[in-house]
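Read through the structure below, which is laid out as C-alpha cells, and then see the notes.
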C-alpha cells in the first residue's frame, strides 16, 4: 500500500481522529469527556509553564484539543486561522510589490 503524504494542517483530523500538528499525528481519546479532560489538563499545565517539564507550549495545544468539542473555542480558533492566513498572504504580496517596484541599476 502506497503511503500518501499528509497535508500540513492543525486540529483534529475527522477521518482518523488524531490530532494533526503540521506533519505530526497524535492519537486522541475517542470520548468527548476524555478530550475535554485532556484539553483542560493541558490548559492548567500551561498556566504553570514556569515550572520544569510543564511549559507554555501546553496552552495552544489545549486550545486545539478543546476546539474540537467546544463551539466557542472552535470559533475563536477559526478566526485566528483566517487572520493568520490573511496576514501571511499580505506579507507575501507586500514583498512581491516591493520587488516589482525596484528600479534596475543603470551604471
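For the listed peptides 57-68, 40-51, a ranking on the average number of other beta carbons within 10 Å per residue, highest first, reads 57-68, 40-51. At full extension, residue 81 and residue 15 could sit 21.7 nm farther apart than now, given 0.36 nm per residue minus the alpha carbon distance.
Rounded, prolate or oblate: pick one for region 9-98, where a ≥ b ≥ c are the square roots of the eigenvalues of its C-alpha gyration tensor, a/c under 1.5 means rounded, and failing that, prolate if a/b is larger than b/c, else oblate. Prolate, because a/c is 1.5 or more and a/b exceeds b/c.
Quick check: from the Cα gyration tensor, does region 46-93 come out rounded (a/c under 1.5), prolate or oblate? It comes out oblate by the Cα gyration axes. Computed over region 9-98, relative contact order equals 19 percent, with contacts defined as Cα pairs under 8 Å that lie 6+ residues apart.
A short reminder: the numbers here are calculations on the coordinates, not readings from a lab. Quantities reported herein were computed from a predicted structural model and do not represent experimental measurements. Heads up, the Cβs are rebuilt from the backbone with ideal geometry, glycines too, and the neighbour counts pull from every protein chain shown.
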